[in-house]
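All remarks here apply to the structure that follows.
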Amino acid sequence: EDKVVQSPLSLVVHEGDTVTLNCSYEVTNFRSLLWYKQEKKAPTFLFMLTSSGIEKKSGRLSSILDKKELFSILNITATQTGDSAVYLCAVEARTSGTYKYIFGTGTRLKVLA
Amino acid sequence: GAVVSQHPSRVICKSGTSVKIECRSLDFQATTMFWYRQFPKKSLMLMATSNEGSKATYEQGVEKDKFLINHASLTLSTLTVTSAHPEDSSFYICSAGSAYEQYFGPGTRLTVT
(Lines give C-alpha, C1' and ligand atoms only; values in the text may rest on other atoms or scores of the structure.)
Protein backbone atom coordinates (compact mmCIF):
# COMPACT_ATOMS: atom_id res chain seq x y z
CA GLU A 1 0.00 0.00 0.00
CA ASP A 2 1.32 3.43 -0.91
CA LYS A 3 2.28 5.43 2.14
CA VAL A 4 3.66 8.88 2.92
CA VAL A 5 4.71 9.65 6.47
CA GLN A 6 5.71 13.02 7.83
CA SER A 7 7.50 13.87 11.04
CA PRO A 8 7.22 15.46 13.42
CA LEU A 9 3.44 15.74 13.56
CA SER A 10 3.74 19.11 15.25
CA LEU A 11 6.47 21.51 16.19
CA VAL A 12 6.66 24.72 18.21
CA VAL A 13 9.66 27.00 17.76
CA HIS A 14 10.62 30.61 18.34
CA GLU A 15 11.20 33.21 15.69
CA GLY A 16 14.67 32.94 14.23
CA ASP A 17 14.97 29.20 14.77
CA THR A 18 15.69 26.79 11.93
CA VAL A 19 13.39 23.83 11.43
CA THR A 20 13.67 20.64 9.44
CA LEU A 21 10.56 18.77 8.40
CA ASN A 22 10.75 15.18 7.24
CA CYS A 23 8.81 13.20 4.68
CA SER A 24 9.38 9.51 3.96
CA TYR A 25 7.50 7.47 1.42
CA GLU A 26 6.81 4.01 0.09
CA VAL A 27 5.09 4.45 -3.23
CA THR A 28 4.85 2.30 -6.31
CA ASN A 29 6.03 4.06 -9.47
CA PHE A 30 7.27 7.22 -7.80
CA ARG A 31 7.36 10.21 -10.09
CA SER A 32 7.80 13.29 -7.92
CA LEU A 33 7.50 14.64 -4.41
CA LEU A 34 5.80 17.91 -3.65
CA TRP A 35 5.71 20.18 -0.63
CA TYR A 36 2.76 22.41 0.20
CA LYS A 37 1.98 24.97 2.87
CA GLN A 38 -1.55 25.01 4.18
CA GLU A 39 -2.88 27.83 6.29
CA LYS A 40 -6.59 28.36 6.54
CA LYS A 41 -7.79 27.01 3.25
CA ALA A 42 -6.35 25.07 0.33
CA PRO A 43 -2.64 24.18 0.18
CA THR A 44 -0.22 26.39 -1.70
CA PHE A 45 2.61 24.92 -3.70
CA LEU A 46 6.17 25.21 -2.43
CA PHE A 47 8.41 22.76 -4.28
CA MET A 48 8.40 19.82 -6.62
CA LEU A 49 11.34 17.42 -6.47
CA THR A 50 12.10 14.72 -8.97
CA SER A 51 15.85 14.18 -8.77
CA SER A 52 17.96 13.08 -5.84
CA GLY A 53 20.45 15.41 -4.28
CA ILE A 54 19.41 18.60 -6.03
CA GLU A 55 18.40 21.24 -3.54
CA LYS A 56 15.52 23.51 -4.42
CA LYS A 57 15.52 26.87 -2.72
CA SER A 58 13.05 29.70 -2.36
CA GLY A 59 14.00 32.42 0.07
CA ARG A 60 14.33 30.91 3.51
CA LEU A 61 12.87 27.59 2.41
CA SER A 62 14.80 24.78 0.84
CA SER A 63 14.14 21.15 0.11
CA ILE A 64 16.01 18.10 -1.07
CA LEU A 65 15.07 14.58 -2.10
CA ASP A 66 16.85 11.28 -1.50
CA LYS A 67 15.38 8.66 -3.83
CA LYS A 68 17.62 5.93 -2.51
CA GLU A 69 16.51 6.33 1.10
CA LEU A 70 13.01 7.42 0.04
CA PHE A 71 12.72 10.65 1.92
CA SER A 72 12.75 14.39 1.59
CA ILE A 73 13.36 17.24 3.99
CA LEU A 74 12.04 20.76 4.03
CA ASN A 75 14.18 23.33 5.81
CA ILE A 76 13.03 26.71 6.97
CA THR A 77 15.70 29.07 8.28
CA ALA A 78 15.19 32.20 10.38
CA THR A 79 11.57 31.26 10.98
CA GLN A 80 8.92 33.94 11.25
CA THR A 81 5.45 33.87 12.76
CA GLY A 82 4.07 33.90 9.21
CA ASP A 83 5.62 30.49 8.67
CA SER A 84 3.09 29.01 11.10
CA ALA A 85 1.07 26.55 9.04
CA VAL A 86 0.64 22.91 8.24
CA TYR A 87 3.26 21.67 5.81
CA LEU A 88 2.11 18.85 3.60
CA CYS A 89 4.22 16.43 1.63
CA ALA A 90 2.66 14.64 -1.33
CA VAL A 91 4.05 11.99 -3.64
CA GLU A 92 2.99 11.61 -7.24
CA ALA A 93 2.59 8.00 -8.30
CA ARG A 94 2.09 7.03 -11.92
CA THR A 95 0.52 3.78 -13.08
CA SER A 96 -0.40 2.83 -16.65
CA GLY A 97 -0.77 6.38 -17.90
CA THR A 98 -2.70 7.62 -14.88
CA TYR A 99 -1.34 9.44 -11.89
CA LYS A 100 -2.42 10.41 -8.42
CA TYR A 101 -1.11 12.18 -5.37
CA ILE A 102 -0.79 10.63 -1.95
CA PHE A 103 -0.53 13.08 0.94
CA GLY A 104 1.30 12.66 4.21
CA THR A 105 -0.17 13.43 7.58
CA GLY A 106 1.27 16.94 7.60
CA THR A 107 3.49 18.73 10.12
CA ARG A 108 1.84 21.50 12.08
CA LEU A 109 4.41 24.23 12.68
CA LYS A 110 3.83 27.03 15.13
CA VAL A 111 6.35 29.86 15.32
CA LEU A 112 6.19 31.98 18.45
CA ALA A 113 7.17 35.64 18.47
CA GLY B 1 -1.05 31.76 -13.07
CA ALA B 2 -3.44 28.85 -13.29
CA VAL B 3 -6.49 29.11 -11.08
CA VAL B 4 -8.94 26.51 -9.92
CA SER B 5 -12.26 27.64 -8.48
CA GLN B 6 -14.80 25.81 -6.38
CA HIS B 7 -18.42 26.58 -5.76
CA PRO B 8 -19.95 26.91 -3.29
CA SER B 9 -17.31 27.81 -0.72
CA ARG B 10 -19.62 26.89 2.10
CA VAL B 11 -22.86 24.95 2.23
CA ILE B 12 -25.15 23.82 5.00
CA CYS B 13 -27.73 21.20 4.18
CA LYS B 14 -30.16 18.95 5.96
CA SER B 15 -29.56 15.29 6.43
CA GLY B 16 -30.89 13.25 3.52
CA THR B 17 -30.46 15.93 0.88
CA SER B 18 -27.88 15.98 -1.92
CA VAL B 19 -25.25 18.62 -2.46
CA LYS B 20 -23.31 19.38 -5.63
CA ILE B 21 -19.86 20.94 -5.54
CA GLU B 22 -18.31 22.35 -8.70
CA CYS B 23 -14.62 22.51 -9.52
CA ARG B 24 -13.51 24.62 -12.47
CA SER B 25 -10.13 25.19 -14.04
CA LEU B 26 -10.25 28.81 -15.12
CA ASP B 27 -7.46 29.25 -17.60
CA PHE B 28 -6.34 25.79 -18.57
CA GLN B 29 -7.83 22.49 -19.65
CA ALA B 30 -7.75 19.70 -17.14
CA THR B 31 -8.27 16.17 -18.37
CA THR B 32 -7.73 14.98 -14.82
CA MET B 33 -8.95 16.53 -11.61
CA PHE B 34 -8.69 15.18 -8.09
CA TRP B 35 -11.14 15.34 -5.23
CA TYR B 36 -9.92 15.34 -1.65
CA ARG B 37 -11.57 15.35 1.70
CA GLN B 38 -10.02 16.91 4.75
CA PHE B 39 -11.12 16.41 8.33
CA PRO B 40 -10.23 19.02 10.96
CA LYS B 41 -6.52 19.08 11.65
CA LYS B 42 -5.94 16.16 9.32
CA SER B 43 -4.22 15.79 5.97
CA LEU B 44 -5.87 15.60 2.57
CA MET B 45 -7.40 12.25 1.77
CA LEU B 46 -7.71 11.47 -1.92
CA MET B 47 -11.26 10.40 -2.68
CA ALA B 48 -11.21 9.97 -6.41
CA THR B 49 -9.58 10.87 -9.67
CA SER B 50 -11.95 12.54 -12.09
CA ASN B 51 -11.26 11.86 -15.76
CA GLU B 52 -12.85 13.93 -18.51
CA GLY B 53 -15.21 11.88 -20.58
CA SER B 54 -14.88 8.70 -18.56
CA LYS B 55 -15.72 7.25 -15.19
CA ALA B 56 -13.97 8.48 -12.10
CA THR B 57 -11.48 6.26 -10.31
CA TYR B 58 -12.35 5.95 -6.65
CA GLU B 59 -9.95 5.21 -3.84
CA GLN B 60 -10.51 2.22 -1.66
CA GLY B 61 -13.19 2.80 0.93
CA VAL B 62 -14.88 5.68 -0.92
CA GLU B 63 -18.47 4.89 -1.89
CA LYS B 64 -18.94 5.71 -5.55
CA ASP B 65 -22.72 5.73 -5.25
CA LYS B 66 -22.56 8.26 -2.46
CA PHE B 67 -19.95 10.55 -3.93
CA LEU B 68 -20.91 10.96 -7.57
CA ILE B 69 -18.30 12.53 -9.78
CA ASN B 70 -18.96 13.91 -13.24
CA HIS B 71 -16.21 15.39 -15.39
CA ALA B 72 -18.28 16.57 -18.31
CA SER B 73 -15.82 18.99 -19.84
CA LEU B 74 -12.15 19.88 -19.77
CA THR B 75 -12.78 22.69 -17.31
CA LEU B 76 -15.46 21.32 -15.02
CA SER B 77 -15.76 18.46 -12.59
CA THR B 78 -18.58 18.08 -10.09
CA LEU B 79 -18.82 16.11 -6.88
CA THR B 80 -22.32 15.31 -5.65
CA VAL B 81 -22.71 14.09 -2.10
CA THR B 82 -25.94 12.11 -2.22
CA SER B 83 -28.22 11.59 0.77
CA ALA B 84 -25.83 13.51 2.95
CA HIS B 85 -25.44 12.66 6.62
CA PRO B 86 -23.72 14.54 9.43
CA GLU B 87 -20.64 12.32 9.10
CA ASP B 88 -20.21 13.68 5.57
CA SER B 89 -19.53 17.10 7.04
CA SER B 90 -16.03 17.97 5.98
CA PHE B 91 -13.83 20.22 3.87
CA TYR B 92 -13.78 19.10 0.24
CA ILE B 93 -10.96 20.30 -2.02
CA CYS B 94 -10.39 19.70 -5.69
CA SER B 95 -7.19 20.05 -7.61
CA ALA B 96 -6.17 20.11 -11.25
CA GLY B 97 -3.03 20.76 -13.15
CA SER B 98 -0.19 19.29 -15.07
CA ALA B 99 2.52 16.80 -14.32
CA TYR B 100 4.57 19.70 -12.99
CA GLU B 101 2.17 21.32 -10.57
CA GLN B 102 -1.19 20.78 -9.00
CA TYR B 103 -3.41 23.79 -8.36
CA PHE B 104 -5.92 23.53 -5.60
CA GLY B 105 -9.35 25.01 -5.43
CA PRO B 106 -10.18 27.08 -2.34
CA GLY B 107 -12.25 24.26 -0.90
CA THR B 108 -15.89 23.77 0.06
CA ARG B 109 -16.93 23.40 3.65
CA LEU B 110 -19.94 21.13 3.90
CA THR B 111 -21.99 21.00 7.07
CA VAL B 112 -24.81 18.50 7.25
CA THR B 113 -27.29 19.12 10.03
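Of all residues in the range A:29-53, those that are under 27 Å from A:Lys68 (Cβ atoms) have Cβ atoms under 6 Å from Cβ atoms of residues that are assigned to a loop (DSSP other than H, G, I, E, B) and not basic (Lys, Arg), 6 or more apart or on another chain, in A:Ser32/A:Thr50; A:Tyr36/A:Pro43; A:Phe45/B:Glu101.
Taking the condition touching an Asp or Glu at 6+ places or on another chain (Cβ under 8 Å) and not hydroxyl-bearing (Ser, Thr, Tyr), does A:Val91 pass? Yes. Checking the range A:62-69 against the condition returns no match, with no residue being crowded, with 18+ Cβ neighbours inside 10 Å and either of a type in the set (Phe, Trp, Tyr) or closer than 24 Å to B:Arg37 by Cβ (or both). Residues in the range B:53-71 that are more than 14 Å from the chain's Cα centre (by Cα) and either over 25 Å from B:Ile12 (Cβ atoms) or in contact (Cβ under 8 Å) with a residue 24 or more places away in the chain (or both): how many? Of the residues in the range B:53-71, 5 are more than 14 Å from the chain's Cα centre (by Cα) and either over 25 Å from B:Ile12 (Cβ atoms) or in contact (Cβ under 8 Å) with a residue 24 or more places away in the chain (or both). Specify the residue that is nearest to B:Pro8 (Cα to Cα); the eligible residues are those in the range B:77-106 that are among the hydrophobic types (A, V, I, L, M, F, W, C) and in a loop (DSSP other than H, G, I, E, B). It comes out as B:Ala84.
Among the criteria (1) under 21 Å from A:Arg94 (Cβ atoms); (2) in a strand (DSSP E or B), the one B:Arg109 does not fulfil is (1). Among the residues of the range B:17-59, those that are part of a loop (DSSP other than H, G, I, E, B) and within 9 Å of another protein chain (Cβ to nearest Cβ) comprise B:Lys41, B:Lys42, B:Ser43, B:Glu59.
Filtered by the rule that a residue be surrounded by 12 or more Cβ atoms within 10 Å (Cβ to Cβ) and closer than 13 Å to B:Pro106 by Cβ, the range B:1-24 gives B:Val3, B:Val4, B:Ser5, B:Gln6, B:His7, B:Pro8, B:Ser9, B:Ile21, B:Glu22, B:Cys23, B:Arg24.
Apart from one condition, B:Gln38 fits all of (1) touching a residue at least 60 places away in the same chain (Cβ under 8 Å); (2) over 27 Å from A:Lys3 (Cα atoms); (3) not aliphatic (A, V, I, L, M); the exception is (2).
Would you mind stating whether A:Ser32 is modelled with pLDDT of 95 or more and touching a strand residue (DSSP E or B) at 6+ places or on another chain (Cβ under 6 Å)? Criteria not met by A:Ser32. Inspect the range B:93-112 for any residue being touching a helix residue (DSSP H, G or I) at 6+ places or on another chain (Cβ under 9 Å), exposed (fewer than 15 other Cβ atoms within 10 Å of the Cβ) and either under 22 Å from B:Gly16 (Cα atoms) or more than 8 Å from every other protein chain (Cβ to nearest Cβ) (or both) and give the result as yes or no. For the range B:93-112, residues touching a helix residue (DSSP H, G or I) at 6+ places or on another chain (Cβ under 9 Å), exposed (fewer than 15 other Cβ atoms within 10 Å of the Cβ) and either under 22 Å from B:Gly16 (Cα atoms) or more than 8 Å from every other protein chain (Cβ to nearest Cβ) (or both): present.
If you go through the range B:30-54 and keep only what is farther than 12 Å from B:His71 by Cα and exposed (fewer than 12 other Cβ atoms within 10 Å of the Cβ), you end up with B:Phe39, B:Pro40, B:Lys41.
The values are calculated or read from the model by the stated rules, or taken from the named source; none is laboratory data. Treat the numbers as computed from the prediction; the structure is a model and nothing was measured. Cβ: placed from backbone, ideal geometry, glycine included. Neighbour counts: every protein chain shown.
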